[in-house]
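Heads up: the structure comes next, in structure tokens.
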Amino acid sequence: MLAEVAEGLALPQKELPPKFFYDQRGSELFEAITRLPEYYQTRTERALLESWMPELIARLGTRTLVELGAGNAEKSRIILDAMRAAGTAELYVPIDVSATFLGQTATRLRREYPRLLVEPVVADIAEELRLPRRPPSPALIAFIGGTIGNFYPTAAIRLLARVRATLAADDRFLMGVDLRKDPARIEAAYNDAQGVTAEFNRNMLRVLNYELGADFDPAGFDHWAFYDRTAHWIEMHLVARSAQQVTIPGVDVIQFARGETLRTEISAKYDEASVGELFRAAGLRLEAWRTDADHLFALVVGSPA
């Protein structure tokens, strides 16, 4: 972690990956974001899952659900319920970077689904995709929530190629993608009126303080999010309100000029053509595409090419 942080803070445009948002508080803040009126992504994706999963799971005969970035598994329950209704639910493998949050999720799910094996894996999916064993097939690897947007294109392809390498012939990959639309609608989702996203953004600094003994002053940074119309992604930054000096044990002193930014996240937006390109580059075939009536969000099914 220290080397990755040191490298990111030494770049001309200081940048750290969004995984550093997450400790217990960061996970809770993100769950609060998903309930905000401006944040259309979660409720739209949930409606798509509710309408499509019973049919899809019954057709696929899914016995295993592997979920990348599981969080509290709120939407995963829709898939698990469809598996249980189809009589095929055997194994759930939630993968997440937050060990505490993941442990709590696994405990709750074991109570809710007593006949389901729950085998959580603490891992950074940006670096590895490690399963505890070969899961019963057919398996569904799910990467929902639009989280693929947090990866630059080359990193997204690497991640999807790792997914492809785990798929047996009758396994499938389910991915949620936030679609390209009016930039004002997108920007509102990352600049909520209650300031929850701003607190979530600043939580990265609290995580660095706790994990690395840094002395960031979160109150000394403003939240800034905007849509890049050329790259088709949102960028989130923390903006230094004044000239600052930050110390991290084992790292050179970090200087921030007034107005200098730390980029904390991108969130790329897609359409069907760009998802198809991503899949082809990773060795996947786009098998099915389902979107809401307003074309805000899409669920995509991929199979081995």
Residue under evaluation Ala47, criteria (1) surrounded by fewer than 22 Cβ atoms within 10 Å (Cβ to Cβ); (2) touching a helix residue (DSSP H, G or I) at 6+ places or on another chain (Cβ under 9 Å); (3) closer than 27 Å to Ala293 by Cα; (4) modelled with pLDDT of 95 or more, criterion not met: (2)
Residue within the range 24-41 that is at pLDDT 95 or above, closer than 22 Å to Ser137 by Cβ and buried (at least 18 other Cβ atoms within 10 Å of the Cβ) present: no
Residue satisfying all of: in the range 272-297; among the aliphatic types (A, V, I, L, M) and in contact (Cβ under 8 Å) with a residue 12 or more places away in the chain; farthest from Ile141 (Cα to Cα) among these: Leu296
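Could you tell me whether any residue of the range 8-23 is closer than 26 Å to Val301 by Cα, touching a residue at least 40 places away in the same chain (Cβ under 8 Å), out of contact with any Gly (no Cβ under 6 Å at 6 or more places or on another chain) and part of a helix (DSSP H, G or I)?
Here is the first cut: in the range 8-23, the ones closer than 26 Å to Val301 by Cα are 18-19.
Checking which are touching a residue at least 40 places away in the same chain (Cβ under 8 Å) leaves us with 18-19.
Imposing the further condition that a residue be out of contact with any Gly (no Cβ under 6 Å at 6 or more places or on another chain) reduces the set to 18-19.
Retained after the next criterion (residues that are part of a helix (DSSP H, G or I)): 18-19.
Within the range 8-23 (the criterion being closer than 26 Å to Val301 by Cα, touching a residue at least 40 places away in the same chain (Cβ under 8 Å), out of contact with any Gly (no Cβ under 6 Å at 6 or more places or on another chain) and part of a helix (DSSP H, G or I)), the answer is yes, since at least one residue qualifies.
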Candidate set from the range 254-271 (those that are touching a residue at least 24 places away in the same chain (Cβ under 8 Å) and of a type in the set (Lys, Arg)); member that is nearest to Glu235 (Cα to Cα): Arg263
Gly250 over 20 Å from the mean Cα position of the chain (by Cα) and open to solvent by less than 50 Å² (accessible area, probe 1.4 Å): no
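Hey, among the residues in the range 205-226 that are small (Gly, Ala, Ser) and surrounded by fewer than 19 Cβ atoms within 10 Å (Cβ to Cβ), which one's nearest to Thr34 (Cα to Cα)? Don't jump to the end; show me each part of the working.
Step one: list which residues in the range 205-226 are small (Gly, Ala, Ser), which gives 213-214, 219-220, 225.
In the following step, the residues that additionally are surrounded by fewer than 19 Cβ atoms within 10 Å (Cβ to Cβ) were identified as 213, 219-220.
Details: Gly213: 30, Ala219: 23, Gly220: 26 Å.
Restricting to residues being small (Gly, Ala, Ser) and surrounded by fewer than 19 Cβ atoms within 10 Å (Cβ to Cβ), the top hit is Ala219.
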Candidates Arg229, Arg202 - the one that is surrounded by fewer than 16 Cβ atoms within 10 Å (Cβ to Cβ) and touching a residue at least 12 places away in the same chain (Cβ under 8 Å): Arg229
Every residue from the range 99-111 that is under 18 Å from the mean Cα position of the chain (by Cα), open to solvent by 10 Å² or more (accessible area, probe 1.4 Å) and hydroxyl-bearing (Ser, Thr, Tyr): Thr100
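Identify all residues within the range 5-23 that are under 30 Å from Leu174 (Cα atoms) and either aliphatic (A, V, I, L, M) or surrounded by fewer than 17 Cβ atoms within 10 Å (Cβ to Cβ) (or both); write none if there are none. So that I can check it myself, show each step before the final result.
Within the range 5-23, the subset under 30 Å from Leu174 (Cα atoms) is 15-23.
Of everything in the range 5-23, just one residue is under 30 Å from Leu174 (Cα atoms) and either aliphatic (A, V, I, L, M) or surrounded by fewer than 17 Cβ atoms within 10 Å (Cβ to Cβ) (or both), namely Leu16.
Quick check on my filter: what residues within the range 74-122 are in a helix (DSSP H, G or I) and acidic (Asp, Glu)?
Step one: list which residues in the range 74-122 are in a helix (DSSP H, G or I), which gives 76-86, 99-112.
Hits for the range 74-122 are Asp81, Glu112.
The values are calculated or read from the model by the stated rules, or taken from the named source; none is laboratory data. From a predicted model like this one, the values you see are computed outputs, not experimental measurements. FYI the Cβ positions are ideal-geometry reconstructions off the backbone, even for glycines, and counts take in every protein chain you see. In case anyone asks, the SASA skips ligands and DNA or RNA and just uses the protein heavy atoms, side chains included. Shrake-Rupley method; radii C 1.70, N 1.55, O 1.52, S 1.80 Å.
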